[in-house]
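The values are calculated or read from the model by the stated rules, or taken from the named source; none is laboratory data. It should be emphasised that the depicted structure is a prediction, and the values quoted were computed from it without experimental measurement. Here the Cβ positions follow ideal geometry from the backbone for every residue, glycine too, while neighbour counts run over all protein chains shown. Side chains included, ligands, DNA and RNA excluded: accessible areas come from the protein's heavy atoms. Shrake-Rupley method; radii C 1.70, N 1.55, O 1.52, S 1.80 Å.
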Amino acid sequence: MVQGMGEAKAQVFIQKLEDAEVGKSRELLIKHTANAADAQQRLAEANAEADAKIAEQQAESERLSLEAEGLKKQLEDQMAASAAGSQEVAQAQAVFGQQLEAKEAEVAELRSQLEAAATQSEQAQTSLQQLHEAKAEADEKREYLTAETERLSSEAEGLKKQLEEQMAASAVGNEQAQAALSEVLEAKNGELAELKEFSDKQRKHRLTLMFNRLDRDETGGISKEEMTETFTGDISKFFSALDTNADGKVSIEEWLGLFNKMVQGMGEAKAQVFIQKLEDAEVGKSRELLIKHTANAADAQQRLAEANAEADAKIAEQQAESERLSLEAEGLKKQLEEQMAASAVGNEQAQAALSEVLEAKNGELAELKEFSDKQRKHRLTLMFNRLDRDETGGISKEEMTETFTGDISKFFSALDTNADGKVSIEEWLGLFNKMGQGMGEAKDQVFIQKLEDAEVGKSRELLIKHTANAADAQQRLAEANAEADAKIAEQQAESERLSLEAEGLKKQLEEQMAASAAGSQEVAQAQAVFGQQLEAKEAEVAELRSQLEAAATQSEQAQTSLQQLHEAKAEADAKITEQQAESERL
């Protein structure tokens with residue numbers, strides 16, 4: 001009935017049934033009960049039942065109110081959770097930003113280091129270019145000295161031949177003049193022999209130094225691998241020609257033997273050209289290796305300068321020999337003049353020819369002396385610059401002690417004329433000029449050569465000491481570069497991971513916000529449903545209260561009726577008593 005006709009109509013119908021039932025009950029009560037108190041008791045029970053229904057409806061209202069409060073609190077918790085999630089995301093983003101900034105700073109520092117390394121490499125390239133230019137200048141001077149020596153030798157031969165022809169034409173019969181001329185020629189031949197011997201020694205010295213440089217493992221022999229590391233192209237034929245006993249190693253005897261054969265076969269000049277090419281290739285390769293295995297550009301420049309000292313030493317030796325020849329020529333000139341004066345040679349043509357020869361020789365010797373002085377000053381200046389390692393413009397006692405062995409106190413004191421603890425370039429050149437005037441050019445050159453040999457030897461020791469394991473240094477540099485690359489890659493991967501993580505957090509936050517919005521929508525829907533239910537319950541309670549009021553009204557009416565019944569019963573009882581009394585009286 002409730003589903004079919006609705007709650008209100010069903011309640012009205014029920015109320016009618018109740019009214020009919022109560023009316024019938026009252027009739028039965030009046031009819032079958034003489035005791036009005038029993039009827040009143042039943043009415044009280046009906047009222048109690050109505051009160052119980054009211055209490056049950058109130059309890060249901062309170063339950064619904066508590067349920068609404070729970071839903072409201074649950075909504076507030078969800079909103080707080082969403083706010084806390086947003087705060088966590090903000091904190092995670094802040095931490096990620098700090099980490100990203102730290103990584104960017106680290107990458108910037110690595111880039112700065114790479115730029116500094118590139119700058120050092122450019123400086124090394126500049127230093128190498130300067131050294132190449134210095135080497136080219138030294139080679140040019142060496143070629144000039146070689147050509148000058150050959151020219152002087154050739155002119156001496158021509159003069160000798162010219163003098164012989166003139167002497168033959170003039171038919172000079174003076175035995176003393178012929179003897180003097182023979183002595184001059186013999187002396188000249190001796191000088192040429194000495195020059196040849198010196199040239200052989202120089203060639204042997206140069207080849208020995210080259211052999212020692214090529215013998216990097218210092219085993220006393222050059223392997224094919226060591227030659228391949230230095231010279232480009234296919235060196236198989238050259239190595240086979242050197243390795244006469246085919247033991248896989250070129251000894252110093254085999255090395256020198258081949259070049260001696262080359263001199264005999266192709267001549268001194270062509271052999272010197274070939275040796276010079278080998279030296280250029282070897283020195284060039286050494287510089288490349290030095291630049292490759294030295295990270296510090298300034299240190300590379302210093303070591304390359306030390307390697308170039310050997311070329312300067314060769315020039316110095318040639319200068320010393322030229323100066324020695326100049327001195328001997330002066331002596332020969334004086335000796336010849338004395339012999340010619342003693343013999344009183346009267347042949348004017350011979351004297352004129354000899355005077356021309358001597359004047360030409362004096363001019364050549366003056367030019368050679370001037371060039372020798374310049375070369376000597378250049379050698380001393382280069383040595384000064386190499387010793388001045390801190391490039392302050394002066395050599396300290398400590399810098400000299402690092403290079404020369406033994407007690408150098410007296411030598412340093414003789415150099416440091418103003419006693420300021422530093423030897424200037426003027427003091428350095430001044431002492432050697434005094435030495436040249438005091439002990440003679442030859443002894444001065446020997447002393448300078450010994451200093452250069454000691455300085456070059458010390459430089460070579462330092463070079464070997466600092467480049468003993470070049471392959472290991474290169475490997476470590478490669479490992480350091482690989483480590484830096486790995487760190488950069490790791491940082492990039494970390495940055496990508498953090499970026500993905502940030503994207504994930506962002507997506508999660510959006511989902512939480514969407515879920516929060518969806519939750520808010522569900523709560524709103526639940527509140528709407530609850531509101532509808534509450535309104536229905538309130539309408540139901542209002543209807544029940546209306547029914548209770550109607551029941552109360554009916555109860556009052558029943559009480560009134562019951563009072564009337566009591567009054568009517570009393571009146572009837574009185575009448576019955578009166579009738580009984582009348583009957584008894586009758």
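Residue by residue, here is whether (1) touching a Phe, Trp or Tyr at 6+ places or on another chain (Cβ under 7 Å); (2) surrounded by fewer than 16 Cβ atoms within 10 Å (Cβ to Cβ) holds:
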{"residue": "205", "(1), (2)": "no, yes"}
{"residue": "212", "(1), (2)": "no, yes"}
{"residue": "255", "(1), (2)": "yes, no"}
{"residue": "272", "(1), (2)": "no, no"}
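Out of the stretch 422-449, which residues are open to solvent by 20 Å² or more (accessible area, probe 1.4 Å) and under 41 Å from the mean Cα position of the chain (by Cα)?
Answer for the stretch 422-449, where residues must be open to solvent by 20 Å² or more (accessible area, probe 1.4 Å) and under 41 Å from the mean Cα position of the chain (by Cα): 422, 424, 425.
Could you tell me how many of the residues in the stretch 146-160 are at pLDDT 75 or above, open to solvent by less than 50 Å² (accessible area, probe 1.4 Å) and within 18 Å of residue 199 (Cα to Cα)?
So the count comes out to 0.
How do the pairs read when you match residues in the stretch 101-118 that are at pLDDT below 70 with residues anywhere that are open to solvent by 100 Å² or more (accessible area, probe 1.4 Å), using Cβ under 9 Å and keeping only pairs 6 or more apart or on different chains?
103/492; 107/492
So which pairs qualify, if the first residue must be in the stretch 561-584 and at negative phi, the second must be part of a helix (DSSP H, G or I) and surrounded by 10 or more Cβ atoms within 10 Å (Cβ to Cβ), the Cβ gap must be under 6 Å, and the two must be at least 6 apart or on different chains?
Taking only residues 6 or more apart or on different chains, the pairs are 566/36.
One line per residue, one yes/no per condition, for (1) at pLDDT below 70; (2) crowded, with 17+ Cβ neighbours inside 10 Å; (3) within 60 Å of the chain's Cα centre (by Cα):
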{"residue": "125", "(1), (2), (3)": "yes, no, yes"}
{"residue": "132", "(1), (2), (3)": "yes, no, yes"}
{"residue": "142", "(1), (2), (3)": "yes, yes, yes"}
{"residue": "167", "(1), (2), (3)": "yes, yes, no"}
{"residue": "226", "(1), (2), (3)": "no, yes, yes"}
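For the stretch 263-276, name all the residues that are at pLDDT below 90, farther than 16 Å from residue 208 by Cβ and part of a helix (DSSP H, G or I).
The answer is 266, 268, 269, 270, 273, 274.
For (1) among the basic types (Lys, Arg); (2) touching a helix residue (DSSP H, G or I) at 6+ places or on another chain (Cβ under 6 Å); (3) touching a residue at least 40 places away in the same chain (Cβ under 8 Å), each residue gets a yes or a no:
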residue: 405; (1), (2), (3): no, no, yes
residue: 411; (1), (2), (3): no, no, no
residue: 424; (1), (2), (3): no, no, no
residue: 430; (1), (2), (3): no, no, no
residue: 442; (1), (2), (3): no, yes, yes
residue: 447; (1), (2), (3): no, no, no
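Name every residue in the stretch 397-415 that is closer than 23 Å to residue 378 by Cβ and part of a loop (DSSP other than H, G, I, E, B), in order of residue number.
404
Going by what's in this entry, would residue 279 be described as farther than 16 Å from residue 207 by Cα, modelled with pLDDT under 90 and open to solvent by less than 40 Å² (accessible area, probe 1.4 Å)?
no
Could you tell me how many of the residues in the stretch 449-461 are free of Cβ contacts under 8 Å to residues at least 60 places away in the same chain and not basic (Lys, Arg)?
Total satisfying the criteria: 3.
Exactly one of these conditions fails for residue 426: (1) part of a helix (DSSP H, G or I); (2) at pLDDT 90 or above; (3) more than 14 Å from residue 380 (Cα to Cα). Give me its number.
It fails just one condition, (3).
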